[in-house]
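Read the structure below first, then the notes.
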Amino acid sequence: MTQTVQAEPTTLGTAAARRRGRPSGKQPRARTGMNARSNKMAYLMLAPVVILLTIFVVWPVVYAVYLSFYNWSFYTDPIPVGWRNYMNVLGDRTFIESVGRGLLFAVMVVPVQLVIAFLFASLVRTVSGRVATLLKVSIYIPTIVSGVIASIIFVLIYNYQGGILNAFVGLFGVEKQAWLGNVATALPALAVPAIWLGLGICSLIMLAGMVDIPATYYEAADLDGANWFQKTFFVTIPLMKNIFLFLLITGFTAAVQQFELPLVMTDGGPLERTLLPNLYIFQHFRNDTYVGYSIAAAILLMVVLGSISAVIFRVLNSEKAVDG
Amino acid sequence: MAVDTPVTAPAISEIGRTTRRPRGRRDTGAKGVAVLTGKIAAGALLVLLALFPLAWMVIAGFKSRTEVVATPFQFFPEVWRVENYQQILADPEFVRSMSVTFGGAILFTLLSLTVNSLGAYAFARLEFAFKNVLWVYVITTMFIPGMAILLTSFVVVTRLRMLDTIAVLVIPGAASAAHLFFMRQYYLNVPMALEEAATLDGASKWGIYRHIFLPMSKPVFVVVGMTSFLAFWNSYVWPIMTITSRDLYQIQQFLATFRSERAAELGMLMAGSTLAALPVMILFLVFQRHIIGGIKIAGLK
């Protein structure tokens with residue numbers, strides 16, 4: 001291939017080179033040799049990661065899509081059922097309700113996270129180095145805590161007898177509550193540890209975005225006599241549009257997929273009020289040996305969340321021009 | 001994702017420094033004092049909210065079993081007891097679980113650093129056939145949510161006879177497109193000149209990776225290594241699906257089991273949780289400069 005293309009401009013080459021169809025002696029051959037060696041080395045270096053991803057990510061996806069069209073359990077041959085698994089999922093009120101609940105959960109978690117993160121970032125960028133370090137490390141520490149430990153802590157905080165929260169609301173004369181046992185408070189009670197666990201990363205991304213805004217914008221605003229609110233709403237927030245969008249979508253998809261907290265804290269109860277979609281799929285998988293249904297549900301959820309991720313990725317890639 | 005793309009990870013204290021407006025003017029007078037007080041209050045509130053649950057966990061570890069949820073509520077114990085910590089440390093299952101998880105996390109971290117940095121180097125610096133196809137292939141895996149493949153991954157590891165071995169915890173998650181992407185961004189910013197000089201000296205591509213890129217990878221290895229270690233240490237769902245023998249119980253699995261089997265031992269549960277959170281806390285505090293500095297958003301704007 002390369003040789004035929006390069007064979008054309010040979011007028012300057014030596015006779016020998018011309019006979020071989022090469023423009024000028026050794027160089028191209030050296031390059032071809034390099035390429036072959038480079039190819040081999042590259043493939044050797046890529047092999048581990050590509051093989052592992054193929055076995056443990058790509059193949060499971062392909063296999064999941066395949067199985068979603070079959071009725072199959074570990075002990076039987078798969079029987080093709082067409083779209084029936086998907087129809088069953090879409091006709092299952094428990095699943096549809098769990099997705100709705102996931103969206104509601106995201107609405108409880110993400111805006112609070114964004115607002116706290118924004119205030120945090122606004123504060124940190126005005127304080128001195130050492131205080132800023134202390135604040136950044138403090139807010140990031142909950143991110144290190146596992147979902148299981150967070151669950152253990154918050155279940156006891158919500159405890160009916162002697163829990164801190166009941167002691168706290170008792171100061172204001174509020175009756176004791178079974179926070180996780182009450183259908184009205186269970187989901188918000190689950191949202192609090194979710195906010196707590198995710199706040200650190202959200203805040204630091206927000207801060208990194210905020211310090212990227214050139215100081216000259218604020219100097220200009222100062223000259224015009226703008227106050228803090230005007231600077232926040234007319235300078236900071238518009239310039240951080242991409243950051244907000246990114247945090248909004250990643251936070252949203254993470255919240256809808258929240259799984260460990262309800263698994264450990266409530267196991268979906270009371271009356272399925274904390275049965276988030278992934279927990280529902282997981283429970284179904286554990287209780288039903290025919291896995292086609294669970295897989296179809298997981299794929300439907302993936303398609304919804306995947307579309308959202310694709311949208312952010314495109315939006316973020318296309319609106320680079322916003323910065324100064 | 002594109003969040004973490006450190007070029008040169010700046011020190012934690014440097015974020016926020018570059019664009020800070022000149023101060024002083026605003027810090028004088030009654031208004032300045034009010035603003036300062038407001039800032040201190042807001043900062044203290046944030047620190048309190050972030051750390052209160054953890055502080056409570058540590059302190060509850062010093063309480064007797066009934067005191068943890070005693071009425072009326074008391075934040076500090078009547079008597080500070082170290083028995084809970086002593087007992088949980090004397091529990092062979094707890095100690096074994098901590099050791100097995102620690103060993104697994106080290107293996108997982110090393111494997112993750114090795115396979116992802118090799119791949120990252122190839123994508124950053126080598127030219128080869130089908131590079132774009134392979135790149136798209138690898139990066140696409142970043143967008144697949146865990147739940148979509150959780151069930152069939154379980155089928156795959158069952159077929160590979162990996163269930164209930166340490167391999168099922170270490171191998172499947174080691175290759176990560178997100179980590180590879182992060183490392184590649186870092187390698188792309190290594191100056192070409194170094195490599196060209198080495199090539200003139202007759203170094204092979206492998207030699208360049210081994211002697212130039214690996215030694216320079218420390219900051220990015222800290223971030224990726226810490227993330228991998230943490231992911232392994234904190235994982236719960238995958239272990240409860242794949243590990244059944246108590247000898248291999250992971251630490252999160254141990255805590256959840258302890259909680260359901262010995263529900264009355266709340267003081268010990270809190271002591272165990274504190275100790276289980278300790279290794280990753282220490283790691284984080286040691287490397288916080290790199291980790292927090294690693295959160296840059298060069299890819300985002």
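Over the protein assembly as shown, the Kirkwood radius and the radius of gyration, each from Cα atoms, give a ratio Rg/Rh of 1.01. Surface composition of the range B:170-301: carbon and sulfur atoms hold 63% of the protein heavy-atom accessible area at a 1.4 Å probe. Could you work out the percent of alpha carbon pairs in the range B:47-184 separated by over 22 Å, rounded to a whole number? More than 22 Å apart: 63 percent of the Cα pairs in the range B:47-184. Comparing B:203, B:90, B:50 in a Gaussian network model of chain B, where Cα atoms under 10 Å apart are tied by springs, the biggest mean-square fluctuation is seen for B:50. Along the axis of the charge dipole computed for the protein assembly as shown (Cβ charges of +1 for Lys and Arg, -1 for Asp and Glu, origin at the Cα centre), the listed residues A:98, B:215, A:200 are led at the positive end by B:215. For the range A:94-322, the equivalent ellipsoid derived from the Cα gyration tensor has semi-axes of 36, 25, 14 Å, listed largest first. A cut-off of 5 Å between modelled amide H atoms, ignoring neighbours fewer than 5 places along the same chain, links residue A:70 with A:81.
Could you give the distance between the Cα centres of the range B:65-143 and the range A:77-118, to the whole Å? Comparing the Cα centres of the range B:65-143 and the range A:77-118, I get a distance of 28 Å. Between B:245, B:228, B:117, the GNM of chain B built on Cα springs shorter than 10 angstrom shows B:245 fluctuating the most. Rounded to the nearest 20, the size of the Cβ-charge dipole of the range B:91-261 about its Cα centre is 220 debye, with Lys and Arg at +1 and Asp and Glu at -1. Charges were assigned to the Cβ only: +1 to each Lys and Arg, -1 to each Asp and Glu. The resulting dipole of the protein assembly as shown about its Cα centre is roughly 2140 debye. When B and A come together, around 9100 square angstrom of accessible surface is lost from both chains combined, probe 1.4 Å. For the range B:80-174, the list of GluC sites (Glu not before Pro) that fall in a loop by DSSP and count at most 13 other C-beta atoms within 10 angstrom reads B:127. Positive end of the dipole of the range B:55-136 (Cβ unit charges, origin at the Cα centre): among B:102, B:64, B:122, the Cα lying farthest that way belongs to B:122.
Charge dipole of chain B (Cα centre as origin; +1 on each Lys and Arg Cβ, -1 on each Asp and Glu Cβ, all else neutral): 1120 debye, rounded to the nearest 20.
What the phi angles of the range B:242-248 give under the Karplus curve with 6.51, -1.76 and 1.60, with θ = phi - 60°, is a coupling list of 10, 10, 10, 7, 4, 4, 9 Hz, glycine and proline written as x.
Ordering A:215, A:111, A:285 by the projection of their Cα atoms onto the charge dipole of the range A:94-322, which places +1 on the Cβ of Lys and Arg and -1 on the Cβ of Asp and Glu, puts A:215 at the extreme positive end.
The values are calculated or read from the model by the stated rules, or taken from the named source; none is laboratory data. Being a predicted model, the structure only gives us computed values, none of them experimental. Note that each Cβ is placed from the backbone with ideal geometry, even for glycine, and that neighbours are counted across all protein chains shown. What goes into the accessible areas is simple: the full protein's heavy atoms, side chains included, and nothing from ligands, DNA or RNA. Shrake-Rupley method; radii C 1.70, N 1.55, O 1.52, S 1.80 Å.
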